[in-house]
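What follows is one structure encoded as structure tokens, with my remarks underneath.
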Amino acid sequence: MKIEVLGMGCPKCHNLEANVKEALKKLNIEAAVEKVADLPKIMSYGVMTTPALVIDGKVKSAGKLLTVDEITKMLQ
């Protein structure tokens, strides 16, 4: 599983990354978590608002800081 957190470094982007890691820990899942700040790459996903969450190449959320519980449900 590959998880990407898209964002330019705003506080919400950092919080989303932390929430993703917490959700993975909660579910005892190992996955590569990559922070993507490259604007052309972010736009290649069709994302116009950050933070955004991409799981295995599919955009699951954009423009919203997901909670640990919301991310946990996506990963199950």
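Quick note: the coordinates plus some simple rules give every number you see, no bench work behind them. None of these values were measured; they are calculated from a predicted model. Here the Cβ positions follow ideal geometry from the backbone for every residue, glycine too, while neighbour counts run over all protein chains shown.
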Extreme residue, surrounded by the most Cβ atoms within 10 Å (Cβ to Cβ), among residues of segment 8-23 that are touching a strand residue (DSSP E or B) at 6+ places or on another chain (Cβ under 7 Å) and under 12 Å from Leu75 (Cβ atoms): Val20
Scan Ile29, Ile3 and give me the residue that is loosely packed, with under 15 Cβ neighbours inside 10 Å, touching a helix residue (DSSP H, G or I) at 6+ places or on another chain (Cβ under 8 Å) and touching a residue at least 24 places away in the same chain (Cβ under 8 Å). Ile29
Within segment 48-71, work out how many residues are within 12 Å of the chain's Cα centre (by Cα) and either assigned to a loop (DSSP other than H, G, I, E, B) or over 18 Å from Gly9 (Cα atoms) (or both). 16
Across segment 7-47, what is the number of residues that are assigned to a loop (DSSP other than H, G, I, E, B) and under 10 Å from the mean Cα position of the chain (by Cα)? 1
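Restricting segment 46-61 to residues that are out of contact with any Leu (no Cβ under 7 Å at 6 or more places or on another chain) and either within 16 Å of Met1 (Cβ to Cβ) or touching a residue at least 24 places away in the same chain (Cβ under 8 Å) (or both), which is surrounded by the most Cβ atoms within 10 Å (Cβ to Cβ)?
The extreme case among them is Ile55.
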